[in-house]
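The values are calculated or read from the model by the stated rules, or taken from the named source; none is laboratory data. All values reported here derive from a predicted model rather than from experimental measurement. Cβ sites come from the backbone with ideal geometry, for glycine too, and all protein chains shown count toward neighbours. For the accessible areas, the whole protein counts, side chains as well, though only heavy atoms, and no ligand, DNA or RNA atoms are used. Shrake-Rupley method; radii C 1.70, N 1.55, O 1.52, S 1.80 Å.
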2 protein chains.
Amino acid sequence: MPTPHRTCTVGLIQMVCEVDPQTNLEQAMALIREAAGRGAQVICLPELFRSPYFCQTEDYDAFQLAEPIPGPSTEALLPLAQELNVVIIASLFERRAAGLYHNTAVVLDGQRGYLGKYRKMHIPDDPLYYEKFYFTPGDLGFKCFATSRAALGVLVCWDQWYPEAARLTALRGAEILFYPTAIGWHPAEKESLGPQQHQAWETLQRAHGIANGCYVVAVNRAGFEPTPNGQGEGLVFWGQSFVSGPDGAVLARGPADQAAVLVVDLDLAAIDRVRTGWPFLRDRRIDAYSDLTQRWLDREGD
Amino acid sequence: MPTPHRTCTVGLIQMVCEVDPQTNLEQAMALIREAAGRGAQVICLPELFRSPYFCQTEDYDAFQLAEPIPGPSTEALLPLAQELNVVIIASLFERRAAGLYHNTAVVLDGQRGYLGKYRKMHIPDDPLYYEKFYFTPGDLGFKCFATSRAALGVLVCWDQWYPEAARLTALRGAEILFYPTAIGWHPAEKESLGPQQHQAWETLQRAHGIANGCYVVAVNRAGFEPTPNGQGEGLVFWGQSFVSGPDGAVLARGPADQAAVLVVDLDLAAIDRVRTGWPFLRDRRIDAYSDLTQRWLDREGD
C-alpha cells in the first residue's frame, strides 16, 4: 500500500514581545492572519507570547499575568482559528488554582475548537530564567494531539534538551514536534559563547527529529528585553526559529534579531520513507531501558 | 572545591580493512603504536577491524572469523597496551558458544590488563548490513569502564542512533562515549543521499554529547569494500571519524576516503563546567519516563 501523499504547511510566528499583553495578543493575531494568508495550516506562537519574559526576576506581581485555561487568550484565539480554519498552538501562563501555576501550551483546531493542553514538564532555573519560582512541573505527561491537519506533539522550551521528551511524544504518534521557546543570550556571553549555545540548541533538536523520524518546529522570540529594576543585564533572545526534517536537515531558519513569519510546506509522507530506510523504532531495546527512570546509576558501594 | 584539572588524550584509528585478519591486526597494532607515539592515552579501533565488513552477505563461512573473548585478539593486544601504557578499545566478533555470537567491544587498560567487554545492544538489519543473521543482541546492558585514564562508555555503531543508549551509559558515569563503527554509503545513493546520511549520523551523535554533557568519539572505517559473490554493489565506508565536546562542537574530523590516525586532547574538566551551566541532569522527569520501555504508545481503542 503506497504511502498516501499528505502535506502540512506550518507557520512559525517569531515575535518581539512588548510590555503590554493586549498589544502582544493583537500582534500575534495579526501575524497569525498573515501566516494563514500565506498558506499556513498549523501556526505556532513563541513561549509566553503575551508578555515580556517575566522569569528574568522572581516577582510576585508577575503572577497577575496568569490566566485560566480555557480563558481570555483562548477566547480571543478560538474565533480566529475557526475563521481561518487553522490550528493554533499558543503558549500561555496558566493559573490553575491559587498558588498553582503552569507553563502551558494549548491546541486550537479550526472548527473543532479547543483540543487540549500540554503543561511544560521540564522546568529550568538558571540566572535570569527563574522558572521554578513560577511554574509547577506539568502533570499531564507527554502528549500528541490528533488535529485535522497532522498528529502534533507539543513541548515547551527546556523540554527541547531532553531526548526522553521527544521520544515519548513521538511514540504517541506525533509527526511534528513543536517547541514554543524563549531562549536568549546573556549579553556579556553573546560574543564568546553565543554561537556555541545556539549551535547546541539547534543540533539537539534536529537530533530529536532524526532519532524519531519526525519534523521539528522551534518557535523562539527575538529582541532584547531588559531585566526589571536593573537586577540583571537583560536577555538577547536569539530568534532563529527553525524547521528541520525527519533526516535532520534544516528546512527553514528565521533571522536572529527581528520578528518574522516563516511558512514552510512539510511532506508528511517523508516520515514513512525515512523511517523505512532508518528503522530505529524497530530495534529499540525496550527490555533494557528501565533504568531511564533512575536519577543516576551509581556504582555499587557509592 | 574547584574542579581538578584533568585531561585525556584520545586516539582514533580510522582503518581501511584488508581481506586477511592477520594483516588487519598487524596494521591496527602499528597504528596504535603511532597514536601512542603522538601522545594518545585511550585508543579506539573501528568496528570489527579484523576483517572486511562481512555482514554484506549472510554467509555461514563468515562465522569462522569469530573468536572467544578473551581470545587471540586480546592476547595480541594486551602486551601492546601494557608496553605502551595505554587503554585500547577493540571491537571483535565474539564466539560465545556454538551458534551464539555477539558484536563485542573489549577494553584493555595498560598494566591492569583486560577490564571487560560490552556486547552491542542494538543490532541493525538492512540491505548489505545483515547483522541480525550474525549477532545476538547484547545481554550485558549499558556499561561504563573505570579505566586509569577516564570513565569510558563503549557502544557500537547502530547504538549511535539511540538516545537511550547514550543516556544510560552517561548515567553510569561515562565521561567519553566511544562508538567503534562501520558505516558507509551504498554507491548508488552516495551522490544523492550521501551528505544527508552523513550529516544525520554526525548530528545525532553530537547531540548525545550535548544532552549528556560528555565527549563523543566515533571511529569509522574507510574505503570501498565489494560485496562477495557479486550479490550487491558493495559499500563505500565514509570515514570521517570525529570527536565532539560536551557542548556538541566538533573538535576533530578525519578524512572521508582514507586511513587516518587522529590524536585529540580532551579537557575533562569541561564536563563539569558545561553540566553546571546546562544542568539537564537536574531536571529529568524520572517520574514520567516509564513508558520509554514501551514499543509504541497506541491510542486507546487501537
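Here are some notes:
- Looking only at residues in region A:281-302 that are under 20 Å from residue A:212 (Cα atoms), out of contact with any helix residue (DSSP H, G or I) (no Cβ under 6 Å at 6 or more places or on another chain) and not in a helix (DSSP H, G or I), the one that is nearest to the other protein chains (Cβ to nearest Cβ) is A:285.
- Hits in region A:145-204 (condition: farther than 30 Å from residue B:295 by Cβ, within 11 Å of chain B (Cβ to nearest Cβ) and open to solvent by 10 Å² or more (accessible area, probe 1.4 Å)): A:186, A:189, A:193, A:195, A:196, A:197, A:198, A:199
- Failed condition for residue A:70, given (1) under 28 Å from residue A:30 (Cβ atoms); (2) of a type outside the set (A, V, I, L, M, F, W, C); (3) touching a His at 6+ places or on another chain (Cβ under 7 Å): (3)
- Test: residue in region A:219-231 that is modelled with pLDDT under 95, in a loop (DSSP other than H, G, I, E, B) and more than 14 Å from chain B (Cβ to nearest Cβ): yes
- Residues in region A:107-144 that are within 13 Å of chain B (Cβ to nearest Cβ), open to solvent by 10 Å² or more (accessible area, probe 1.4 Å) and of a type in the set (Ser, Thr, Tyr): A:129, A:136.
- Meets criteria (open to solvent by 10 Å² or more (accessible area, probe 1.4 Å) and in contact with a strand residue (DSSP E or B) (Cβ under 7 Å, 6 or more places away or on another chain)) for residue A:237: no
- Criterion violated by residue A:18 - all others in (1) open to solvent by 10 Å² or more (accessible area, probe 1.4 Å); (2) touching a strand residue (DSSP E or B) at 6+ places or on another chain (Cβ under 8 Å); (3) in a loop (DSSP other than H, G, I, E, B) satisfied: (2)
- Filtering A:239, A:213, A:230, A:173 for residues that are on the phi > 0 side of the Ramachandran plot and in contact with a Lys or Arg (Cβ under 6 Å, 6 or more places away or on another chain) leaves a single hit, A:213.
- Counting only strands (runs of 3 or more DSSP E) that sit completely within region B:26-132, those holding 2 or more residues that are β-branched (Val, Ile, Thr) correspond to B:42-44, B:87-97, B:100-109.
- Among strands (runs of 3 or more DSSP E) entirely within region B:141-206, having at least 1 residues that are touching a residue at least 60 places away in the same chain (Cβ under 8 Å) singles out B:151-154, B:176-180.
- Which listed residue is touching a Pro at 6+ places or on another chain (Cβ under 9 Å) and within 14 Å of chain B (Cβ to nearest Cβ), from A:270, A:249: A:270
- Of the numbered criteria (1) open to solvent by 40 Å² or more (accessible area, probe 1.4 Å); (2) more than 27 Å from residue A:243 (Cα to Cα), the one residue A:71 fails is (1).
- Selection count, region A:252-292, where residues are without any contact (Cβ under 8 Å) to a residue 12 or more places away in the chain and open to solvent by less than 40 Å² (accessible area, probe 1.4 Å): 6
- Any hit, region A:83-100, residues being touching a helix residue (DSSP H, G or I) at 6+ places or on another chain (Cβ under 6 Å) and surrounded by fewer than 17 Cβ atoms within 10 Å (Cβ to Cβ): yes
- Tally, over region A:207-218, of residues that are out of contact with any Pro (no Cβ under 7 Å at 6 or more places or on another chain) and outside any helix (DSSP H, G or I): 3
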